[in-house]
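The values are calculated or read from the model by the stated rules, or taken from the named source; none is laboratory data. These figures come from a predicted structure and were not determined experimentally. In this analysis, Cβ positions are derived from the backbone assuming ideal geometry, glycine residues included, and neighbour counts consider all displayed protein chains. When the accessible area is computed, the model is the full protein with side chains, heavy atoms only, and any ligands, DNA or RNA have been set aside. Shrake-Rupley method; radii C 1.70, N 1.55, O 1.52, S 1.80 Å.
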Amino acid sequence: MEASAEVPERMARARKSYEAVKAELARVVVGHDELIERVFIALVCGGHCLLEGVPGLGKTLMVRSLAAALNLSFSRIQFTPDLMPADITGTQMLTEDAAGKKIFDFQRGPIFAHIVLADEINRATPKTQSALLEAMQEQSVTVAGKGHRLESPFMVLATQNPIEMEGTYPLPEAQVDRFFFKLLLEYPSREELTRIADLTTSTPPAALDRVLDAGAILKIRDWVREVPIAAAIKDYAARLILATHPHKNGREGSAEKYVLYGASPRGLQSLVLAAKARALLAERPNVSFDDIRAVAPQSLRHRIILNLEGEAEGVTAEKIVAEVVAAVPEIEA
Amino acid sequence: MSHDAAALREKFSELIAWERAKRIEKVLLEALAYAFLAALLLLPFRGLLARVSPVYYPAAAFALFAAGFFYIRRWRPIDSLCAVFALDRALRLDARALTAAEIVEKQDVSTAEHYLLSEAAERLKSVQIRTLFKREWSWPTLAAPALVALWLALVWLGVGSGTGTAAKSAAPAEKLKDFAQELEQKSQAQKLAETLKLARALKALAQERLVEKTSEEQFRQNLAAMEKRLDAPVPPPGEFDLGGYTREELAALRAELETAKSRLRPAPTMRENEFLDRLQSLPRLGEALKRSGGAMENMGPGDLQKLIDSLEQQAANELDQRSRADVQQFLSMLMQGQEGGGAPAQARIPGRAAQDRPDGEKSVGKGELPGDEPGMKSQAAQAPVATPGAATRITGALNPGASSGVTWRSEAKAGESKIPEQGAPAAYRRQMEEDLAAEKIPPALKETVKQYFLSLGTDEKKPR
């Protein structure tokens, strides 16, 4: 009984932490409430986010502010076509030791940080993009046959511009799949634009307070995984995943017509884990169907590959996900 | 198991038990509704299902529907899950109940799960399952009482009973009922107690069959038993021999006896032997006394009173016996007709012969035929030629007016006589009376035939 009394306390602490981060970010970032929540969810789930939006929406600002508010190390990598993998992971440098003997010393790259901003990730070549694969999945990098562990928490926040496609290299599906969420940045409203004008043209705000540290984040990460979820809800999530696949969902719909390949099992992991985090932040001791539905677009949209017909007709993955969520019943025999 | 888990388990058990009970009720009510609907649809075709009483239609349909529904809607694990899910939705528990229902089945419960159990138990503690999930009535369950009532009404009204073989099987019962009703009226009019009892017994038999209380087989057995009962030996004739009297004569005699009894009552102004003068005007009484060898002149009023009472009783007995024979004959014909697979083609009710002509035309009585003056014999009358061993049909215009045909059943079969020797003359006379009434005897021969059969049994020298 005493142990169970901890649960509401930890839920309250998780909620409070989120509110604190959100409040701190609100000092410099205008709007994007849902985006901030999703980024925080990805952080406490140990996932990475792909942020997509036109230039000037505050993607970089938000990531940098987040790192500042979290008291975590931060590095930014501007992806360009001439960027090499070693520029990300680090490289072996020939140096001399104290005795004057020449040795190879590993110079850590910018990937060695808690929060890594991969700005305009689609401007680097696929070879360079792939340098992130191991880091994102295994949380380690291998250089010259030697593995180097990255510090926890580790989070990659990659940005990409959806309109300037010239001179870009679309991310390979394998890499896209490694992103926990794909978040879309909406253009600010009139009120938000006014506030942005106020914030950026007056006296700059004071430096952000560090409201959360790595230890607290790792604790919340453990609590997230302890949130109970009913088998029926897991089954619902699984059926959502299957419904994104053509020829496997048993339904007639857009997925059947426009999807080349549906969401991967990583999509299910993302769906369930994100739903758990959302429940925790809502101070609810269990996952609900609404949690699954709420995180489905961010978890699944980048994992659905449209076929030529879908591309030609301008069908979006968001539309497919919305249709699937509306069609799949919560309980099914 | 913690207290919360136990409380939750109990609540979920209550919920599932209630939902199962509701489903069983619903299945039974819907099966009932569909069964009576099917029975209603079958009712017009009950003739095709002659062997099955309509009472069994809904029972059989109910068994079929109930079996089918119970199979299709059998309780499965997903139904338990759906019940808990419905509870979640109803109370807006955000899947707490659904998750708790799984956790209560687990042995090892984590801290977070333990907290969830306590929270769910707290929220479900005061929930009244039966109030929250009330019975829902689908249209078949709502229609069930109306369908039952409609079906009962239609069965009561006998809808569909007039079609097909069912009608055929009911025809003998209808005939028996008509016969019994007529016999009852007749016996009431003539004050024949025994005949009245018999008529009522026959009517009850027919009624049982008509309301389907008895099967056709049972009905046949009842008819056979009744016929056997009527086979009991005829009591010996009494002091007076009334065997030579026709039914009409016996009725007239009873009427005279009633009159005689009233005339024998002593009046203060009556002279000595005045009653004899009064009785002289009753010819049938005189003739009866004469036949018995007595004479009114030699009797006092007391003796005469006793004699009249005895004569009246015997006349009533004679009429009862004749009715009994009529019934026996009717039952025999009715049963023969039934065994042949339908109503007897030749079956007719004694005393109703005039209505039973095959062409449906009402027979014309002797007095209604033109041509003959009362008491005068027709000049053109000739004796018909009968061929022994074969049915003989004589057709022809005997008189101006309507033509008539006669069928004599002269075919004989070898074997023991079914009619006791003592009752033979009476049975012959009854047959003669019926044939006369049915206009089967040519008018010119009626008197001859009548005299011949009346003379049977009265003259010992005549061969029988």
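So is B:I103 open to solvent by less than 20 Å² (accessible area, probe 1.4 Å) and either facing chain A (nearest Cβ under 7 Å) or under 53 Å from the mean Cα position of the chain (by Cα) (or both) or not?
In short, yes.
A:E9: within 14 Å of chain B (Cβ to nearest Cβ) and either of a type in the set (D, E) or under 23 Å from A:T194 (Cα atoms) (or both), yes or no?
yes
Residues in the stretch A:120-154 that are in a strand (DSSP E or B) and open to solvent by less than 10 Å² (accessible area, probe 1.4 Å): how many?
Of the residues in the stretch A:120-154, 1 are in a strand (DSSP E or B) and open to solvent by less than 10 Å² (accessible area, probe 1.4 Å).
Looking for something of a type outside the set (D, E), farther than 23 Å from A:A232 by Cβ and modelled with pLDDT of 90 or more - is there at least one such residue anywhere in the stretch B:3-23?
At the first step, the residues of the stretch B:3-23 found to be of a type outside the set (D, E) are B:3, B:5-9, B:11-13, B:15-18, B:20-23.
Cutting the leftovers down to farther than 23 Å from A:A232 by Cβ gives us B:3, B:21.
When the remaining residues are screened for being modelled with pLDDT of 90 or more, the result is B:21.
Within the stretch B:3-23 (the criterion being of a type outside the set (D, E), farther than 23 Å from A:A232 by Cβ and modelled with pLDDT of 90 or more), the answer is yes, since at least one residue qualifies.
Within the stretch B:62-89, which residues are in contact (Cβ under 8 Å) with a residue 24 or more places away in the chain and either in contact with a strand residue (DSSP E or B) (Cβ under 8 Å, 6 or more places away or on another chain) or within 14 Å of chain A (Cβ to nearest Cβ) (or both)?
B:R73, B:W75, B:D79, B:S80, B:A83, B:V84, B:A86, B:L87
Please work out if A:S17 is polar (S, T, N, Q) and at pLDDT 90 or above.
Against the criterion (polar (S, T, N, Q) and at pLDDT 90 or above), A:S17 qualifies.
It is to be established whether one or more residues within the stretch A:51-60 are away from chain B (no Cβ under 14 Å) and modelled with pLDDT of 90 or more. Before the answer, list the steps.
Filtering the stretch A:51-60 for residues away from chain B (no Cβ under 14 Å) gives A:51-60.
Still in the list and also modelled with pLDDT of 90 or more: A:51-52.
Among the residues of the stretch A:51-60, at least one is away from chain B (no Cβ under 14 Å) and modelled with pLDDT of 90 or more, which makes the answer yes.
Please work out which residue is nearest to the other protein chains (Cβ to nearest Cβ), limiting yourself to the stretch A:207-246 and to residues that are small (G, A, S) and either touching a residue at least 12 places away in the same chain (Cβ under 8 Å) or open to solvent by 80 Å² or more (accessible area, probe 1.4 Å) (or both).
Ranking the candidates gives A:A230 first.
Taking the options A:R278, A:R303, A:R293, name whichever one is open to solvent by 50 Å² or more (accessible area, probe 1.4 Å), out of contact with any strand residue (DSSP E or B) (no Cβ under 8 Å at 6 or more places or on another chain) and closer than 19 Å to A:H48 by Cβ.
A:R278
Examine the stretch A:252-266 for a residue that is under 21 Å from the mean Cα position of the chain (by Cα), more than 14 Å from chain B (Cβ to nearest Cβ) and buried (at least 24 other Cβ atoms within 10 Å of the Cβ), and state whether such a residue exists.
Yes.
Could you count how many residues in the stretch A:85-107 are open to solvent by 30 Å² or more (accessible area, probe 1.4 Å), within 30 Å of A:V29 (Cβ to Cβ) and of a type in the set (A, V, I, L, M, F, W, C)?
0
Could you please let me know if B:D94 is on the phi > 0 side of the Ramachandran plot and either facing chain A (nearest Cβ under 10 Å) or among the polar types (S, T, N, Q) (or both)? Outline the logic, then answer.
On the way: on the phi > 0 side of the Ramachandran plot: yes; either facing chain A (nearest Cβ under 10 Å) or among the polar types (S, T, N, Q) (or both): yes.
Yes, satisfied.
So which of A:E24, A:E34, A:E19 ends up being away from chain B (no Cβ under 14 Å), open to solvent by less than 20 Å² (accessible area, probe 1.4 Å) and either of a type outside the set (A, V, I, L, M, F, W, C) or not in a strand (DSSP E or B) (or both)? Steps first, please.
Numbers: A:E34 fails: open to solvent by less than 20 Å² (accessible area, probe 1.4 Å); A:E19 fails: open to solvent by less than 20 Å² (accessible area, probe 1.4 Å).
Being away from chain B (no Cβ under 14 Å), open to solvent by less than 20 Å² (accessible area, probe 1.4 Å) and either of a type outside the set (A, V, I, L, M, F, W, C) or not in a strand (DSSP E or B) (or both) holds for just one of A:E24, A:E34, A:E19, which is A:E24.
Yes/no matrix, rows are residues, columns are (1) at pLDDT below 90; (2) away from every other protein chain (no Cβ under 14 Å); (3) assigned to a loop (DSSP other than H, G, I, E, B):
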{"residue": "A:A296", "(1), (2), (3)": "no, yes, no"}
{"residue": "A:H302", "(1), (2), (3)": "no, yes, no"}
{"residue": "A:E318", "(1), (2), (3)": "no, yes, no"}
{"residue": "A:A322", "(1), (2), (3)": "no, yes, no"}
{"residue": "A:V325", "(1), (2), (3)": "no, yes, no"}
{"residue": "A:P329", "(1), (2), (3)": "no, no, yes"}
{"residue": "A:A333", "(1), (2), (3)": "yes, no, yes"}
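Considering the stretch B:203-227 alone, what residues qualify as being part of a helix (DSSP H, G or I) and under 8 Å from the mean Cα position of the chain (by Cα)?
B:K203, B:A204, B:L205, B:A206, B:Q207, B:E208, B:R209, B:L210
Might you check whether a residue that is farther than 20 Å from A:I233 by Cα and of a type in the set (D, E, K, R) occurs anywhere in the stretch B:108-118?
Within the stretch B:108-118, one or more residues are farther than 20 Å from A:I233 by Cα and of a type in the set (D, E, K, R).
When you scan the stretch A:48-66, how many residues do you find that are over 27 Å from A:L300 (Cβ atoms) and either open to solvent by less than 20 Å² (accessible area, probe 1.4 Å) or of a type in the set (F, W, Y) (or both)?
Summing the residues that are over 27 Å from A:L300 (Cβ atoms) and either open to solvent by less than 20 Å² (accessible area, probe 1.4 Å) or of a type in the set (F, W, Y) (or both) in the stretch A:48-66 gives 1.
Considering only residues that are touching a Lys or Arg at 6+ places or on another chain (Cβ under 7 Å) and open to solvent by 20 Å² or more (accessible area, probe 1.4 Å), which ones fall in the stretch A:69-84?
A:N71, A:F74, A:T80, A:P81
Go through (1) buried (at least 19 other Cβ atoms within 10 Å of the Cβ); (2) in contact with a Lys or Arg (Cβ under 8 Å, 6 or more places away or on another chain); (3) within 21 Å of B:S126 (Cβ to Cβ) for B:W18 and report which single condition fails.
So B:W18 meets the others, but not (1).
If you check A:A282 against the conditions, is it within 14 Å of another protein chain (Cβ to nearest Cβ) and among the small types (G, A, S)?
It is true that A:A282 is within 14 Å of another protein chain (Cβ to nearest Cβ) and among the small types (G, A, S).
Results for (1) modelled with pLDDT under 85; (2) at negative phi; (3) open to solvent by less than 70 Å² (accessible area, probe 1.4 Å), shown as yes or no for each residue.
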position: B:K125; (1), (2), (3): no, yes, no
position: B:F133; (1), (2), (3): no, yes, yes
position: B:L152; (1), (2), (3): no, yes, no
position: B:W156; (1), (2), (3): yes, yes, no
position: B:E174; (1), (2), (3): yes, yes, no
position: B:L210; (1), (2), (3): yes, yes, yes
